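Participant: Please find one structure pasted underneath; my questions will follow.
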Amino acid sequence: MSFFNPSNEDTAQQHAAGTSTSSSQSPTEETANTSGRTPGCWTCRLRRKKCDLERVNGSCKTCSRLQIDCLGWGEKRPDWMRDTTQVAIRKAQLRSQMHRSRQPPAAQATTPPPVLSSGAAPNLPGGGFYDLAPGEGEVGSTSMAASSSTVGENSYEGLILFYFQNVVSYEFRFASEHVLQTLQHAVIRNSHGPVPNAIVPPNSLPFTIFQKAVTQLKHSKDTQGWYFNTDAMAAIELVKFAQMRGSIDDWRLPLDVCCHWLHNSPLNKQANPMSVLPHMSDVARFSTEATIWMETFACITTGRRPLFLTLCRNMWGNAEPTPGGPAVELSMSGLMGCSNQVMLAFAEIAGLAAWKEEKRRAGSLSVRRLVEAGRVIETALRATRTHASLSDDVAKNANIAAQLSNTQSTLAQTSRGGLDANQSLVPFIEGVFFNTALLYLQTILNDNSPGVPYVQSAVRSLVQILNWIPTPADASLLLPICLAGCMTDDATERNLFSRRLQNQNQHIGNVAHVRLVMESVWQRRDTLRVNVDWRDVMQELGFKLLLA
């Protein structure tokens with residue numbers, strides 16, 4: 001069955017970016033159309049239903065009868081109705097409330113929802129998932145406390161709101177507005193599907209949301225014989241969920257779902273995947289990009305051969321776009337800040353590393369073939385940029401310096417920094433991943449030797465670029481920091497990488513794990529005076545980390 005044209009639960013998501021329907025009308029347009037009518041409550045206006053105008057105990061009778069929140073009245077439209085995201089989320093809340101009100105009382109009582117107090121983060125098992133640094137509960141001009149206070153005791157919807165205002169900025173810090181909207185639409189249009197279950201972790205159910213969502217995904221595969229696009233998106237969220245919990249949960253389980261989905265997709269089976277891209281939905285493109293990202297980076301830490309190396313070659317093998325090709329294409333930069341060609345280089349290098357280890361174990365490793373293959377990869381990688389190191393020009397360019405200074409100020413005020421701030425960071429984040437790929441390649445070619453000039457040069461380039469990037473972004477740059485930190489013997493550089501990680505919340509994600517890996521590598525190399533493979537150290541520490 002075609003993954004971009006399913007006929008079941010994710011049909012709505014598949015057409016979200018294509019066919020225009022009445023449901024795709026913007027919320028602001030809907031509310032504006034009611035200005036000439038008799039004023040009713042905001043809930044009835046959102047539902048586009050006639051309000052009975054009878055107010056009893058702060059609610060109209062219609063809302064009381066349906067057992068849904070009555071959002072009040074007024075001649076002046078409230079501020080949240082001018083925010084399309086806030087309006088869409090409240091619509092999803094109302095649909096969820098009406099769904100629950102139709103269930104028998106016994107069914108409603110079996111899963112009592114946790115209560116989210118105004119402005120408070122949920123108390124999750126394991127702790128740390130929603131622990132935010134002071135001032136990071138704000139996105140733009142809307143604070144979490146102000147937003148959650150309008151949710152009341154509908155904690156399921158409150159947690160969804162909290163996710164989009166706080167958590168998504170950690171999971172996809174460098175994502176474009178289009179990517180975030182794709183995720184929002186997937187939740188709003190299917191409020192009881194696998195994606196909402198994957199992003200809403202309750203704290204009082206008899207099983208974790210991770211287990212529930214994995215079970216739901218397995219049921220989809222068992223009953224239908226395949227995974228839907230929304231199953232893949234939900235699995236991606238579960239991978240990020242496991243990462244943010246410090247890999248307490250096994251991220252490999254949901255990643256297997258993503259890989260199974262993409263492996264069986266027409267995109268992966270077509271010799272010319274570019275012919276498939278125009279027919280893919282936004283959800284399918286998001287899931288494809290995220291699966292390639294996470295699977296490739298998983299291979300870097302585990303030493304496995306990338307599953308989708310051939311697909312990456314078929315899509316990005318040429319640095320220049322194909323003349324007359326489709327206008328729609330995958331964009332890794334729009335998802336996680338790394339260009340398509342650099343992601344291809346990561347996959348190529350991971351494949352080379354797996355080949356090297358396989359030949360080494362068999363006693364048939366040819367250093368000449370290894371170096372030749374590495375030279376081919378490096379040449380193709382450097383051809384994707386007009387200059388090898390962005391950092392060489394940064395300090396000389398006053399306009400860029402002023403831009404970065406403004407970005408640092410903006411990021412200091414918000415958790416994600418806002419889309420405008422992120423857009424100004426794009427060339428620098430791409431520069432980080434470009435130099436990380438070069439460093440990764442040199443570690444494979446030179447057996448993790450920090451004294452090799454090529455290794456030292458790549459580390460210096462990363463240090464120079466990181467000095468221009470605000471520290472809030474570091475939690476999303478763990479692979480570059482880990483790799484560069486492990487590959488330096490310079491005390492100043494070591495202190496820089498250690499200090500940048502110390503400035504992060506140690507209870508979210510793999511920050512503390514990466515620090516321990518770096519410090520263990522330093523200690524072992526300084527003591528034994530031998531080259532140390534950082535992945536071996538990670539394995540000996542018992543860490544199964546995905547630094548994506």
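The values are calculated or read from the model by the stated rules, or taken from the named source; none is laboratory data. Computed from a predicted structure; not experimentally measured. In this analysis, Cβ positions are derived from the backbone assuming ideal geometry, glycine residues included, and neighbour counts consider all displayed protein chains. Surface accessibility is based on the protein's heavy atoms, side chains included, excluding ligands, DNA and RNA. Shrake-Rupley method; radii C 1.70, N 1.55, O 1.52, S 1.80 Å.
Participant: Taking helices (runs of 4 or more DSSP H) that fall entirely within segment 429-548, which contain at least 2 residues that are open to solvent by 10 Å² or more (accessible area, probe 1.4 Å)?
Facilitator: Details: elements: 453-466, 478-486, 491-502, 511-528, 534-540.
The qualifying helices (runs of 4 or more DSSP H) are 453-466, 491-502, 511-528, 534-540.
Participant: Any residue in segment 461-478 that is closer than 16 Å to Q506 by Cβ and modelled with pLDDT under 85 sitting within a Cβ distance under 7 Å of a residue that is open to solvent by less than 40 Å² (accessible area, probe 1.4 Å) and not in a loop (DSSP other than H, G, I, E, B)? List the pairs, counting only those 6 or more apart or interchain.
Facilitator: Close Cβ pairs (under 7 Å, with a partner that is open to solvent by less than 40 Å² (accessible area, probe 1.4 Å) and not in a loop (DSSP other than H, G, I, E, B)) amount to T471/R500; P472/L411.
Conditions tested, residue by residue: (1) at pLDDT below 95; (2) within 13 Å of G351 (Cβ to Cβ); (3) open to solvent by 20 Å² or more (accessible area, probe 1.4 Å).
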{"residue": "M280", "(1), (2), (3)": "yes, no, no"}
{"residue": "T291", "(1), (2), (3)": "no, no, no"}
{"residue": "M294", "(1), (2), (3)": "no, no, no"}
{"residue": "F297", "(1), (2), (3)": "no, no, no"}
{"residue": "G303", "(1), (2), (3)": "yes, yes, yes"}
{"residue": "R313", "(1), (2), (3)": "yes, yes, yes"}
{"residue": "M332", "(1), (2), (3)": "yes, no, no"}
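Participant: Identify the single condition in (1) among the acidic types (D, E); (2) at pLDDT 80 or above; (3) within 30 Å of M274 (Cβ to Cβ) that D69 does not satisfy, given that it satisfies every other one.
Facilitator: Every listed condition holds for D69 apart from (3).
Matching residues to (1) of a type in the set (G, A, S); (2) surrounded by fewer than 23 Cβ atoms within 10 Å (Cβ to Cβ):
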{"residue": "Y227", "(1), (2)": "no, no"}
{"residue": "D231", "(1), (2)": "no, no"}
{"residue": "A235", "(1), (2)": "yes, no"}
{"residue": "V239", "(1), (2)": "no, no"}
{"residue": "Q243", "(1), (2)": "no, no"}
{"residue": "D250", "(1), (2)": "no, yes"}
{"residue": "L262", "(1), (2)": "no, no"}
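Participant: Kindly evaluate S391 against the criterion of being at pLDDT below 90, over 29 Å from H260 (Cα atoms), open to solvent by less than 60 Å² (accessible area, probe 1.4 Å) and of a type in the set (S, T, Y).
Facilitator: Values: at pLDDT below 90: yes; over 29 Å from H260 (Cα atoms): yes; open to solvent by less than 60 Å² (accessible area, probe 1.4 Å): yes; of a type in the set (S, T, Y): yes.
Considered against the rule, which asks whether it is at pLDDT below 90, over 29 Å from H260 (Cα atoms), open to solvent by less than 60 Å² (accessible area, probe 1.4 Å) and of a type in the set (S, T, Y), S391 comes out as yes.
Participant: With the structure loaded, tell me whether S101 is modelled with pLDDT under 65 and crowded, with 17+ Cβ neighbours inside 10 Å or whether it fails that test.
Facilitator: Spelling it out, it is not the case that S101 is modelled with pLDDT under 65 and crowded, with 17+ Cβ neighbours inside 10 Å.
Participant: Exactly one of these conditions fails for P450: (1) touching a residue at least 60 places away in the same chain (Cβ under 8 Å); (2) within 21 Å of the chain's Cα centre (by Cα). Give me its number.
Facilitator: Every condition holds for P450 apart from (2).
Participant: Of the residues that sit in segment 272-300 and are among the hydroxyl-bearing types (S, T, Y) and assigned to a helix (DSSP H, G or I), which one is nearest to L477 (Cα to Cα)?
Facilitator: We begin by selecting, within segment 272-300, every residue among the hydroxyl-bearing types (S, T, Y); these are 275, 281, 287-288, 291, 296.
Narrowing the set further to residues that are assigned to a helix (DSSP H, G or I) leaves 275, 287-288, 291, 296.
Numbers: S275: 33, S287: 21, T288: 21, T291: 18, T296: 15 Å.
Here the answer is T296.
Participant: Next question, about the same structure. Can you name the residue in segment 260-271 that is outside any loop (DSSP other than H, G, I, E, B) and out of contact with any Leu (no Cβ under 9 Å at 6 or more places or on another chain) and, of all such residues, is farthest from A232 (Cα to Cα)?
Facilitator: K269
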